[in-house]
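Enquirer: Dropping a structure here in structure tokens format, bear with me for questions.
The values are calculated or read from the model by the stated rules, or taken from the named source; none is laboratory data. All of these numbers come straight from a predicted model, not from anything done at the bench. Ideal geometry is used to build each Cβ from the backbone, glycine not excepted, and the neighbour counts take in all protein chains shown.
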Amino acid sequence: MVERNQVVGKRKTAVARVWLLPGNGAITINRKPMDQYITREMDKILIRQPLVLTDTLGKYDIHVNVRGGGLTGQADAIRHGVSRALISLTPELRPILKKAHLLTRDSRVKERKKYGLRSARARYQYSKR
């Protein structure tokens, strides 16, 4: 029987649903090959990071549905989802991924603008006259 479980990874407003299947290492994002969907090399390295750390780079096919946020936020969400998916398949990888801080959801989001201010914290310039 083929293990096929869905895992969710998040970053800012990006949400990635990740499926890991035994295969030859193909990564598909929103029904496109990764090289076609993500153009920045740094984002591709981010996505592959959990696979490289756990020596599982050519062992699984990865299918991802991601929406929300920008491309870098989506890449971080995919990385988080891949890390969590690897643990759901093989729990022995948890210490390796935990040490690399890949299991922690990065909770930093944009701070809201406050009334009476120009942005979240910046104020309008004060003039006495």
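Enquirer: Mind checking which residues of the stretch 5-63 are among the small types (Gly, Ala, Ser) and in contact with a helix residue (DSSP H, G or I) (Cβ under 9 Å, 6 or more places away or on another chain)?
Expert: Correct list: Gly9, Ala14, Ala16, Gly25, Ala26, Gly58.
Enquirer: Additional query: Within the stretch 1-47, how many residues are under 17 Å from Arg67 (Cα atoms) and in contact (Cβ under 8 Å) with a residue 60 or more places away in the chain?
Expert: Total meeting the criteria: 13.
Enquirer: Thr39 passes all but one of (1) over 15 Å from Ala85 (Cα atoms); (2) out of contact with any Leu (no Cβ under 7 Å at 6 or more places or on another chain); (3) at pLDDT 95 or above; which number fails?
Expert: (3)
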